[in-house]
1. Please state which one of 16, 4 is more than 11 Å from ligand 1 (Cβ to nearest atom) and either part of a loop (DSSP other than H, G, I, E, B) or in contact with a strand residue (DSSP E or B) (Cβ under 6 Å, 6 or more places away or on another chain) (or both).
2. Go through region 92-120 residue by residue and tally those that are away from ligand 2 (no atom under 12 Å from the Cβ) and not basic (Lys, Arg).
3. If you go through region 537-586 one residue at a time, how many are of a type in the set (Phe, Trp, Tyr) and within 18 Å of residue 445 (Cα to Cα)?
4. Just one of the numbered conditions (1) among the aliphatic types (A, V, I, L, M); (2) in a helix (DSSP H, G or I); (3) surrounded by 14 or more Cβ atoms within 10 Å (Cβ to Cβ) is not true of residue 157; which one?
5. Going by what's in this entry, would residue 289 be described as modelled with pLDDT of 90 or more and surrounded by fewer than 16 Cβ atoms within 10 Å (Cβ to Cβ)?
6. So which residues in region 19-32 are more than 12 Å from ligand 1 (Cβ to nearest atom) and either of a type outside the set (Val, Ile, Thr) or more than 25 Å from the chain's Cα centre (by Cα) (or both), if there are any at all?
7. In region 198-218, is there at least one residue being closer than 30 Å to residue 513 by Cα and assigned to a strand (DSSP E or B)?
8. Inspect region 45-58 for any residue being within 15 Å of ligand 2 (Cβ to nearest atom) and of a type in the set (D, E, K, R) and give the result as yes or no.
Amino acid sequence: MSDIIKLLPDSVANQIAAGEVIQRPASAIKELMENAIDAGAVRIQVVVKDSGKSFMQVIDDGHGMSETDARLSFERHATSKINQANDLFAIRTMGFRGEALASIAAVAMVEMKTRLHSNDVGTELEIAGSKVELQQPTACPIGTAITIKNLFFNIPARRNFLKSNASETRHIVEEFQRVALAFPEKSFSLTQDGVQVFNLTAGNLKQRITGIFGNGYNERIVPIQEDTTILKIEGYIGKPEFAKKTRGEQFLFVNRRFIKSSYINHAISDAFADLLPPNTFPSYFLFIEIDPSKIDINIHPTKTEIKFEDEKSIYAIIRAATKRALGKFSITPSLDFDQETAFNIPVSMYGTLPRQPEVKVDKSYNPFTAENNAKKNTHGWENLYIKSSDQPSDLFEVEPASRPNQKIKIFGQFALKYILACNSEGMLLIDQKRAHERILYERHAKLLIQSAQAIQQDLFPIKIEFSTADAHLIKEIEPELKKIGFDISELGGTTFVLNGVPSGTERGREKYILEAILESYKNQSTLSNDQQTEKILRSFASTIAISYGVTLNMEEMDRIVHDLFECDVKEWSPTGKKTFKLLTEQDLHSLF
Ligand code: ADP
Ligand code: MG
């Protein structure tokens, strides 16, 4: 056989690389904003149209590029930020891979105007699908302006894969906020379809937080500050009473890079411990400064994950610092300060075997086991049941008499999670939450088909303030929310008013339930092509279903079991998990 291996042309290699780096308009915005930061800009303007699909522009007043650099910047692995492999362990810039501009130019039409401080004229460059179409001197301000038009114009499959405008806009806002929070000393603006949504003037971190999330945050956050030999922590944490029903406002920056870390997240939540109302998440804006050689930021193409060399010490320090911040502001008066401050680690530990610092850490803690995440709590469900005895709850509408005789005998509840029962076929172990989710899902799906969901609780209108990202999401799914009975309308900006809720929504918890639906909606796989309404219905059912850890009386168990067996799809929860297990006589026999 003759030789068959060929080197891919650059344009193809760049397109492949682009698949990793540029997933959506927001990824391009992030890369361009980071480049502007790396270029020392102090004012960064972002302009998008059509949620970035047709037009994105980032204008900076940074150091600009020479004519040669302007041309080179679009080559793959072209970077001014590292020279040798060793530099990888001392990264202080946002970028270093030299892939972003090459990737963007491979999948879009790009125009760049850039001028060095020392030059009178700048350079203009046009590239489309990796091909340079124009390069000429031009008059332009100092700094760089990059315009991206028609993202994925040459990859229709990727273009079609983009989500709705509201959804892509939400991603853009999220990326914008992350960069803007990380650099409060710089000014940023974001203009969408001609409307300026953010105009953030340079200031301190607190001003930046209130600039983005509203002045209300002045009262809601307390500073956190800790200086240890291993790392420096700075920032703000939200007071427990303002904890969010969604995880949205948790910002962790390591050397000013936005990072997601369930491990550190756990350290913070753990420090809040019992202070948080059930099912809420603390807000935090945390900045960690650490020697770049002690971290590995190179493990993920979009760089939001990180590996710490000495994870356990970092966990202990962050947990302790959070506790101390809460204690200092009398949020937890009972804290033992002395113990919580004694966590400086001797410098000699660097480069030696990582050893546990003298702070109590739960050694058996594994952030990835379900147990750690599922703290038992009752969601106030007992109250609902107490109420339901004198005034029947909407959740259990079916009258016992109307049920066909299923001949299911209920024995009781086990582990506050399972209902034990039997029918003629064998023993039934029923998962109380999943069963209830299935029941609620089908009930509301039927109401929806009959357009009967208009039966809403009459509600005193509730005003709700969302984060910008959540407000976008609400706008995106508003029609579906209306369909299932959430009568919500926009008051302006990020403020909404809730006029009605679906039957089954517990009074007093309307706002919580709506927020929890958003959170659950965001966490559902975005890969599935499910109908929006179904997704929301699933989120709704899972939010208002009885949780584990709730004691059920016989009557309640009876209702759940019988209602489940009247469902069209009895065996599976709306998210595809088993609702019950049947152990036949034979199964039982084999156990003995
Ligand atoms: P990286 O940021 O990883 O180096 P990029 O592809 O994002 O890779 O950029 C390539 C190079 O182009 C950068 O290293 C930098 O020298 C230059 N560059 C990109 N954007 C700008 C900008 N806004 N101002 C000045 N130089 C820039
Ligand atoms: Mg870059």
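The values are calculated or read from the model by the stated rules, or taken from the named source; none is laboratory data. As the structure is a prediction and not an experimental result, all values here were calculated from the model. With ideal geometry, Cβ positions are generated from the backbone for all residues, glycine too; neighbour counts draw on all protein chains shown.
1. Values: 16 fails: either part of a loop (DSSP other than H, G, I, E, B) or in contact with a strand residue (DSSP E or B) (Cβ under 6 Å, 6 or more places away or on another chain) (or both).
Answer to the selection: 4.
2. Going through region 92-120 one residue at a time, the tally reaches 14.
3. If we filter region 537-586 for residues that are of a type in the set (Phe, Trp, Tyr), which is where we start, we get 540, 548, 565, 572, 580.
Now restrict to residues that are within 18 Å of residue 445 (Cα to Cα): 540, 565, 572.
Residues that pass the stated criteria total 3.
4. Unmet condition: (3).
5. yes
6. Result: 19, 20, 23, 24, 25, 26.
7. yes
8. Checked region 45-58: no residue is within 15 Å of ligand 2 (Cβ to nearest atom) and of a type in the set (D, E, K, R).
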